[in-house]
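Below you'll find the structure, written out as structure tokens, and then a few comments.
The values are calculated or read from the model by the stated rules, or taken from the named source; none is laboratory data. Bear in mind the structure is a predicted one, so any value in this text is a computation, not a measurement. All Cβ positions, even for glycine, are placed from backbone atoms using ideal geometry, and neighbour counts span all protein chains on display. In case anyone asks, the SASA skips ligands and DNA or RNA and just uses the protein heavy atoms, side chains included. Shrake-Rupley method; radii C 1.70, N 1.55, O 1.52, S 1.80 Å.
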Amino acid sequence: MTTRPSPRLLEKWTEQDVHLWLMTEVKVHETLADIFVVEDVSGSHLDVFGKTDILDLGIKHGPAVKITSYLESLKKGSRHESQFPAYVENWTKQQVTQWLLHHVKVYEKYAAQLREEDVTGDCLVCFKKQDFLDLKVKSGPAVKILAELHKLNNKPEPQLQPISDITYLTEKPNPTQPELSLPHAITTNKPESQNKIESETDNVAEDKSENIQQQFNKASEKDGIQQTNQKDLRERRKEIIGTTVQEDKQNITLEIKKILDNLSKDGLKEFHFYEFIKSTNQSIPRGKLEGKDTKDTAKIMTDHYGTYEAVQVTIDILLNINQRPLACDLEKKTGQLKQQSHLSKSLLKKEANQGEKLKNLLTCGGNSLDQYDRFVVVVNKSSPEQVQYLQFLTKLKLFCVLDFDPNSVAPGGLCHSYRESRLANLHTPSQYQGKTDSVIKDLNLCKQTSWIFCNGRHDLDSDLNKELDYKNWLRKSCRDVEQLVSFICNHEVFHHGRSLIIFLLLSPVVTEKDPIVDIYKSFIKHIKEESIINICESQSTYQKWRELIQEKCDFDIEGLSINELTLSEINGTIMALGPFNQSSGRLLPSSGSSAIALKQKDEDFITALDILCLNQCENTYDENSEEFQDFRKNVEEEFFRGGKVKWWNFYFCDKNKDKPFIKRDKYDNVKRMIRSNLRDSKDMCVLLNLFHQPGCGGTTLAMHVMWDLRHELRCAVLKDNTVPKTEVATQVKRLMKLESEKPSPVLLLVDDSTGTENPNDLVSCIRKEVSLNINVDDEPNCKVIILNCVRSHSPKEQFRKHNPTESQHITSSLTQEEQKDFEKKLKELKETHETPESFYSFMIMKSNFDKKYIDDIAHNTLENFDFSQKEARMFAFLALLNTYVAESEISLSLAEEFLGMKMIHWREDSVLDRMKPYSNFLIVHKVEDWGGYKGIRILHPTIASACLEELERSFSLKVSDITMEVLHCDLFFSVGVAKHRLSIQQMVIERQRSKDERGLFSSLIDKVHSQQGRQTVQEIFVKASSRFEKSASIPQALARYLYINECDFPEALKWAEKAKNIKENPYTFDTIGQVHKKQLKSNNNREKQETSHNPEDLNTNIKIAQNAIRAFQSAQKLVNTEDDPEDKAAADKSGDFPRKSYNVYGYVGVLEIAFIVFEILCRLPFFEERDPMKKKYFQSYLQKVIPITSVHKDDNDINNRYVEIIKEHEQFLLGLKTEVKDTFDLLDCYYTYIKPNNSEFDSKNRWTVSGFFKVFVNLFCTATDEMPKERPSNSRLNLKIDIEERRLILEVKHADTFTGILQHLDKPAEEIEEITECYAFLQQKQQFFNKKQQTKETINYIMSKIVLYLLKPKSKHVKRLNHLSDLLLKTLTDVGLGYPFPDPYYLALLLFWPSSTQENQEIVTYVKAIRRSSCKRFSLLRNRSTVAHLYLGKEEGLSRLVSKPQLDENFKDMRRDTLAQLWRNGNIFKTQAIIKRLHRVVGTIEQGEVFANYRKLKIPVRPALIAGTRSGCSTEKVSFYLGFAIDGPLAYDIQYEN
């Protein structure tokens, strides 16, 4: 509003105009302005408003007076102007209180009353005498306050301290000390009786009165105010309380009388009569009321019912006798009296133990906030003055904050303040919809605080982020917020007894039409009210909130509320609770033997890593205290019982040098391995493997080494293996660069791994991420060492397969020295612990994993086992899971639910108590992944296994019985953390590796199969499939079991089809193909043993083969078309190959089926392979040379039926040879052009394909000595035979394709010489071929000449460069830029690549063409790295082409795996042999693209390594080596000029 509207214009204002005026002119808090909108106050309504009307809205007296004053000025058409100095308007309510106490010297109670009513400086200047009187301030003090205000016009500004808080009956805190709340200043115990409460309240009043006397003694003497002693104060306080109650009753009686005076005589009689006929036990007898007047009636009502109950009864009667206006009038007037009464009582009667109450609510009666795993805070609008007292939020383990303040993220807002020191992700309620696990993962819940804006965000401009009034919020946002609440209260998120909801009310909630009321109601739909506490900024806010909850939810929140402490006291109380931060700060090593401080906010970003600091564990406790000694004892006991080792265990041993931590035999080896790789390795990121048997201390050894290296390296443990590798890499880089310009080396421990595949992916991600913006070559300390702890049942065998400088192993067998150390440690434990013999994990290792010892303790513990008891069943479930699934557990909340335990507050020991006598074998521990939760498991895997054996031996309880019991337990599949469900699924389907082989099925299925056979196994699979309805892996696994073990192909196919129907992916289609393949093999093997021929067998087999090939082709098609097959791969390990390695299995499957069909056909009477003529018929028919009717055969019924069947399937059979040849060509391209992944499955497939090719050559390529010796006289026929001979030679030598010719770079020169002769002959006879054949053979001819030159440059068959270039130019002219194969464009790169003397302007066009063509031709190349076979050398002509085998010649003496590693990581290009041989190309990087520059020519190239270029799209000059790949030129070893 830029002009002052007249009263006439005021009447036309809308609710939004009123809101705008209040915000911009009156400058009240937004929450107060919102109340006017909620109550539909437009300009015409505001015009008739008085102060009382504003107070009726629930607005406190201070703001109400200010609004009234501004409104009066508005009606007069004038601008509001203060009569007092401008600085007064800037005073906070705390400074107003201070001025009143220290300068005006009014009574404390008057100052407190003004402060309670939010009288800030801008409100105070609007006060008139009547306003003070309305607040029960006597005339004397009121007049004095106004006089002192006027005097300020002629006096200098008074010096007021910017104090944090001044409260009624509290002393101003010492500014150099943290402010203490009253409960901290006065030691109080929890009340045991009402008398004790009263006594303590009186004592508190005495102590408070002393503070008042000291604070105001001087002022009291000056004003002649007589001080009361402590006894008088106590008596006066009791008197005032009694007087207040009496005054309430009198006022209410008077109000009832006034209302009844409005009734007629008949009306009053009707009132009396209705009261009588209610016929309740509490009704007033009729005789008592009959004939009474209104005064007596009112008195009888209040005497009989009590003060406020009488009001409600009167209102009810008035409504029932149709006197609604009188009822409403009474309700309004008595409501005001009630509120005033509450305020006056709350000022006089404060709870003496509110601080203690707050502590108890937050800590379950303890001293540490660790009692709760998660806090959820619901908060409404805050003011900047309040935010400074809300630092306690940074200390809570906040799961999420539901914020109803749209300005919270702006400067001065609560969210903004929190994010200055902690990390919070900003979300909206709608982001919480979807699958629980996915939402937790996507929003990073449980790792970083989620700050959820429930009613707009004003820092965002979108209309979707505007704050809504209640009506629109209810319509547009309420549903999303209610779904958010439902998500929070989900069993998988909200752990009952370990999670707490806090409603933090920082502004008044004056009406039920407030979103925060709806949210409270939403919460109590899902959880008990006892899980919610309320913290209110003032007593008036609390009283209204309490009334609303009582009315709407029928629940009294008094016992769960804090309302008498100031925000400053609340903040101080919570900040004083444990756990305490290290006083010296957490430190990390940095360059030059320096150290840097690790900030809490930085740790918030690094959620996937548990960071080990230099001063880990130091200065956290008072180490001389009894509390610390108990903590130490518990931590040690937990570890030796079987808990995971903690940094504390090493710290305790370091503090007591006489009792060191046991050093395992391989400790020095591992430490030496890390240091040597850190010093000598040229790799930026190195993977070191520690292979260990489960439960033998491998992880403990790794952490022990890490503890002792924490001063040299920045150390961290990957605590959540589910975090994406790219995210882990980002966090590792962040740790490396924290608080320092120069990177520091990092040691990263990856635990609970079952192989080296995933950590190798992590290595690649770290290399890529770190290389993006760090020049690794210039930073010698830019190193990451990954210590990968790999669980293995055969660690020695795995160790032997790996580089000994990068691997170590540890087994369950102790050396003699280790056994002595364990004996010594047991003696030490006996000194400090009562029963160290019950530390079973320690004792198992001390016994050197003695099987008899483990069996004996299992037998003794399970002596009275009864499977009908819940505790016994729970233990059996744990034994089953812990035996068959590594690192498995059951969440504590699920165990409580199963045992029928319901807890409001957390006490994990209660579960262990309940589980006796099995609890000696159990431990509760924190699980970091899956959002973090408490889990319960058996101490050691060997104990779990021994218990299962004992249950079977002594109680005839087989693993199948326990498994079925688990699968029949509904609870396991309906509530709780999802990880146990995954463990159950893993137990059923995950195949284990034993030595070199993967098992065919999971260990559990193998066990059940060996004990009970198919029926029980199938029952388990069927039940599991019904439990995991959306999992394709279980029916897949059952299909595998049925076709491999039982050869029940129809049933297997049924389950394979079911898996495919659940999810169509390469693996489900492949399973269908595998079922058909196994059936086809089985039929073929059976038929080979039979002497008679049955044509129907052929018919059946061809149909099976067709179905199998279709399935394999579908699987391969899905692999080729997926954007990123690795990311979308299934997570289980149930199939015939590990996930993420399907690649070309579909193509291999097609070949397997085809060659079984060829074998079956070769056994037919007229195609027998042993007979050369019949074999020739076989070849001719499948090559479509002759029809089946022309094949010579005996005329009999069997052969005739064979012919019918062959004709029926002729399309399939005649296409089979071509299908096989095309598949060979595709696989040839795959193995030639794509960078190998070194997986054993790829290697196995390659051998399989190679074997099939030999069979193919034998079947379809007639040997030269079998060709007819005599040539026919017909010259054309002779020429045809010559051409076929040459093509046959090319096919046999695997040189009839461009790919095959490239492979001859690594073969003897004599072979390529013969090949070039064949192609030269075909070149001369091109007039006899079609155009397509001519082009293909010309391209192959040119490539063969290039390979011949590189292998044997002096051969007589070598052609000059000009000849080859001319021939290629002619070919390129013919094919243009749309040729379906990249081959001609590849040749163009080789022959036309620019040099220092010449450049071809078309080269850029050829680069684009090869990229386009290779992408279309080879779907297998999608998302895979290609390799170069030729590189650009320093010479001229064809001599500048250098092949990879030629480069490898320089490293003859190097081990092949070492050489392969040099090529993989690019370090090969740093060797002198390569530098001397290859030409370094000069180029640029622009917008992230790499270009090779030749004068004005810019040729696009691709980085060969993923991490080849930096991020930031900076334009830089670079140089690199150039390689030629089938999809274009590659840049190797990119170096930046600057």
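All other residues whose Cβ lies under 15 angstrom from that of Val1220 are scored, Lys and Arg at +1 and Asp and Glu at -1, for a net of -4. Given +1 at the Cβ of Lys and Arg, -1 at the Cβ of Asp and Glu and no other charges, the dipole of the chain around its Cα centre is 4060 debye to the nearest 20. Entry comment: accessible area of the chain is 46 Å² per residue, from protein heavy atoms only and a probe of 1.4 Å. Of Lys682/Lys719; Lys1416/Lys1470; Lys801/Lys846, which ones are farther than 32 Å apart at the Cα? In this structure, Lys1416/Lys1470 lie more than 32 Å apart at Cα.
Taking square-rooted eigenvalues a ≥ b ≥ c of the alpha carbon gyration tensor, is the range 1156-1215 rounded, prolate or oblate, where a/c under 1.5 means rounded and, failing that, a/b exceeding b/c means prolate? Judged from the Cα gyration tensor, the range 1156-1215 comes out rounded (a/c under 1.5).
Pairs of Cα atoms nearer than 8 Å and 6+ residues apart set the relative contact order; for the range 424-470 it is 36 percent.
Note on exposure: His304, His802 ranked by accessible area (1.4 Å probe, complete protein assembly) read His304, His802, with the most exposed listed first.
Within the shell defined by Cβ-Cβ distances under 12 Å, the residues around Val510 carry a net charge of -3, with Lys and Arg each +1 and Asp and Glu each -1. Magnitude of the charge dipole for the range 1291-1411, about its Cα centre and with charges confined to Cβ atoms of Lys, Arg (+1) and Asp, Glu (-1), is about 200 debye.
Relative contact order of the range 821-916: what whole-number percent is it, with Cα pairs under 8 angstrom and at least 6 residues apart? Once normalised by length, the contact order is 18 percent. Report the trypsin sites (Lys or Arg not before Pro) located in the range 51-92 that are in a DSSP loop and have at most 14 other Cβ atoms inside 10 Å of their Cβ, or state none. Within the range 51-92, the qualifying trypsin sites (Lys or Arg not before Pro) (loop, at most 14 other Cβ atoms within 10 Å) are Arg79.
Think of the range 533-602 as having a plus end and a minus end, set by charges on the Cβ of Lys, Arg, Asp and Glu; of Leu565, Pro579, Gln539, Pro579 sits farthest toward the positive end of this dipole. Between the DSSP loop rule and a limit of at most 15 other Cβ atoms within 10 Å, which GluC sites (Glu not before Pro) in the range 456-563 are left? Qualifying residues, ordered by number: Glu512.
Using a Förster distance of 45 angstrom, determine the FRET efficiency expected from the C-beta separation of Asn465 and Ala1473, and round it to 0.05.
0.15
Heavy-atom accessible surface of Lys1476, to the nearest 10 Å², is about 150 Å², with a 1.4 Å probe and all protein chains retained. Seen against the Cα atoms of the chain and their longest principal axis, helix 1383-1392 is set at about 90 degrees. The GluC sites (Glu not before Pro) of the range 802-896 meeting both criteria, a DSSP state outside H, G, I, E and B (loop) and at most 14 other C-beta atoms within 10 angstrom of the site's C-beta, are Glu834, Glu863.
Distance distribution note for the range 1421-1460: the fraction of Cα pairs above 15 angstrom is 56%.
Ordering Asp1006, Asp463 by accessible surface, largest first, gives Asp463, Asp1006; the 1.4 Å probe counts only protein heavy atoms, with every chain in place.
Quick check on the range 1136-1237: take the gyration tensor over C-alpha atoms, sort the square-rooted eigenvalues as a ≥ b ≥ c, and tell me if it's rounded (a/c under 1.5), prolate or oblate. In terms of gyration-tensor shape, prolate. Counting only alpha carbon atoms, the long axis of helix 194-223 and the longest principal axis of the chain meet at about 70°.
If I compute solvent accessible area with a 1.4 Å probe over the protein chains, what percent of it on the chain is carbon and sulfur?
Here it works out to 47 percent.
Taking the Cα centre of the range 1-148 as origin and assigning +1 to Lys and Arg Cβ atoms and -1 to Asp and Glu Cβ atoms, the resulting dipole is close to 720 debye.
Rolling a 1.4 Å probe over the protein chains gives Cys478 an accessible area of about 10 Å².
Ordered from highest to lowest accessible area with the whole protein assembly present and a 1.4 Å probe, His809, His1479 read as His1479, His809. Run the reach check for Lys737 against lysines, Cα to Cα strictly under 19 Å, same-chain hits fewer than 8 apart removed. What comes back? Cross-link targets: Lys599, Lys601, Lys725, Lys768, Lys783.
Taking a ≥ b ≥ c as the square roots of the eigenvalues of the alpha-carbon gyration tensor, the range 398-482 is classed oblate because a/c is 1.5 or more while a/b is no larger than b/c.
To the nearest ten degrees, helix 1197-1208 and the longest principal axis of the Cα atoms of the chain are 50 degrees apart. For the pairs Lys395/Lys447; Lys129/Lys151; Lys513/Lys552, note any where the Cα-Cα span goes beyond 18 Å. Going by Cα-Cα distance, every pair falls inside the 18 Å limit. Amide H to amide H, with H built 1.01 Å from N, Val1490 comes under 5 Å of Val1501, counting only residues 5 or more places away or on other chains. When the charge dipole of the chain is built from unit charges on Cβ atoms (+1 for Lys and Arg, -1 for Asp and Glu) and taken about the Cα centre, the candidate among Leu9, Leu614, Phe1451 whose Cα reaches farthest toward its positive end is Phe1451. Dipole of the chain computed with +1 at Lys/Arg Cβ and -1 at Asp/Glu Cβ about the Cα centre; of Val645, Ile844, Tyr1177, farthest Cα towards the positive end is Tyr1177.
Determine the relative contact order of the chain: mean sequence separation of Cα pairs under 8 Å and six or more apart, normalised by residue count, in whole percent.
5 percent
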